[in-house]
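K.L.:
Okay, handing you the structure first.
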Amino acid sequence: MNNVFKKDLYRYYGENRAPLLKKIFAPLELKYISVFRKANMCKVLPLKIFYMLRLMYLSHRTHIQIPARTRIGEGFYIGHLGRVVIHPDAVLGKNINVGTGVTIGMENRGKRKGAPQIGDNCWIGTNAVVVGNVKIGSDVLIAPLCYVNFDVPDHSVVIGNPGKIISKENATADYVCNRV
């Protein structure tokens, strides 16, 4: 667990060890990720309950709603404090950047019933929505305000509403920094 959070920390500061002042005055979204990781990986029941309660408290304080059972790879980064909602059945790869107002949710009926699977090295812009049983490939940039309810191949940029896919090598090269 400690190793995974160190990789999350590296995504924020780009250093192997954050200075003491940065740890003390860490942004709330980083504190949320820390407690999320502890609640997600803890096996001792009383301690898990404590982390779940702490996660609920931080959820009310930060408006970030990521249930502890959500599977998120190492190097998770929330760009700014604010509303972020991720469904517990969603699966996110490593080195994912999420902006304010992002919703990664489930469709309850139809051919896309289910939650998204997002590959590695993806950047999801402010107020973007990804819903349904869709597969988002690796190295994908989803521009702000996009509504994505379709599969997106690797090395792509999604823009507009309805979303339009543009193929581009190294789509997230300057967006996803400090990769682990």
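K.L.:
What residue among Met41, Gly125, Ile96 has its Cα farthest toward the positive end of the dipole of the chain, where the charges are +1 on Lys, Arg and -1 on Asp, Glu, each on the Cβ?
P.N.:
The listed residue farthest towards the positive side: Met41.
K.L.:
Oh, and also: Quick one: how many lysine pairs in the range 25-142 have C-alpha atoms under 21 angstrom apart, if they're 8 or more apart or on different chains? Each step should come with its number before you reach the end.
P.N.:
Working: Lys31/Lys43; Lys31/Lys48; Lys31/Lys94; Lys38/Lys48; Lys38/Lys94; Lys94/Lys135; Lys111/Lys135; Lys113/Lys135.
Step by step, the pairs that qualify in the range 25-142 add up to 8.
K.L.:
Can you tell me the length gained on complete extension of the stretch Arg61 to Val91, counting 0.36 nm per residue apart and subtracting the Cα distance?
P.N.:
8.4 nm
K.L.:
State in Å² the accessible area per residue of the chain; use a 1.4 Å probe, count heavy atoms of protein chains only, and round to the nearest integer.
P.N.:
Value for the chain: 52 Å² per residue.
K.L.:
How many percent of DSSP beta bridges within the range 22-122 run antiparallel, rounded to 5?
P.N.:
Given both bridge residues lie in the range 22-122, the antiparallel proportion sits at roughly 10 percent.
K.L.:
Another question, if that's okay. Just add up the charged neighbours of Pro46: K/R +1, D/E -1, any other residue whose Cβ is under 15 Å from the Cβ of Pro46.
P.N.:
Neighbour charge sum, excluding Pro46 itself: +4.
K.L.:
With charges set only on the Cβ (+1 for Lys and Arg, -1 for Asp and Glu), what does the dipole of the range 72-170 come to about its Cα centre, in debye to the nearest 20?
P.N.:
Charge dipole, the range 72-170, about its Cα centre: 380 debye, nearest 20.
K.L.:
Given +1 on the Cβ of Lys and Arg, -1 on the Cβ of Asp and Glu, and no further charges, what dipole in debye does the range 60-116 carry about its Cα centre, rounded to the nearest 20? Walk me through the numbers on the way to the answer.
P.N.:
Details: 9 positive and 3 negative charges, 44 e Å.
Dipole about the Cα centre, nearest 20: 220 debye.
K.L.:
On to the next question. Based on the Cβ-Cβ distance from Met106 to Asn161, what FRET efficiency comes out when R0 is 22 Å, to the nearest 0.05?
P.N.:
Calculated value: 0.65.
K.L.:
In the P(r) worked out for the chain, what percent of Cα pairs fall beyond 19 Å?
P.N.:
Values: 9005 of 16110 pairs.
Counting every Cα pair in the chain, those more than 19 Å apart make up 56 percent.
K.L.:
Same structure, new question: For Ile118, what residues show an amide H to amide H distance below 5 Å, using hydrogens built from the backbone and excluding near sequence neighbours?
P.N.:
Val91, Leu92, Gly93, Ile136
K.L.:
Moving to a separate point now. What list of ³J(HN,Hα) couplings, whole Hz, do you get for the range 120-128 from phi and the Karplus terms 6.51, -1.76, 1.60, once you set θ to phi - 60° and write x for glycine and proline?
P.N.:
These are the phi-based 3J(HN,Hα) values: 7, 6, 10, 10, 10, x, 3, 6, 7 Hz.
K.L.:
How much of the accessible area of the chain, in percent, comes from carbon and sulfur atoms when a 1.4 Å probe is used?
P.N.:
Here carbon and sulfur together make up 56 percent of the probe-accessible area.
K.L.:
What FRET efficiency do you get for Ile49 and Leu28 if R0 is 22 Å and r is their Cβ-Cβ distance, rounded to the nearest 0.05?
P.N.:
0.50
K.L.:
Moving to a separate point now. Magnitude of the Cβ-charge dipole of the chain, K/R +1 and D/E -1, about the Cα centre, nearest 20 debye?
P.N.:
In debye, rounded to 20, the chain gives about 740.
K.L.:
Okay, moving on. State, as an integer percentage, the relative contact order of the chain based on alpha-carbon contacts under 8 Å between residues 6 or more apart.
P.N.:
15
The values are calculated or read from the model by the stated rules, or taken from the named source; none is laboratory data. As the structure is a computational prediction, the values presented were derived from the model and not from experiment. When we count neighbours, we look across all protein chains shown, and the Cβ atoms used for this are built from the backbone with ideal geometry, even at glycine. What goes into the accessible areas is simple: the full protein's heavy atoms, side chains included, and nothing from ligands, DNA or RNA. Shrake-Rupley method; radii C 1.70, N 1.55, O 1.52, S 1.80 Å.
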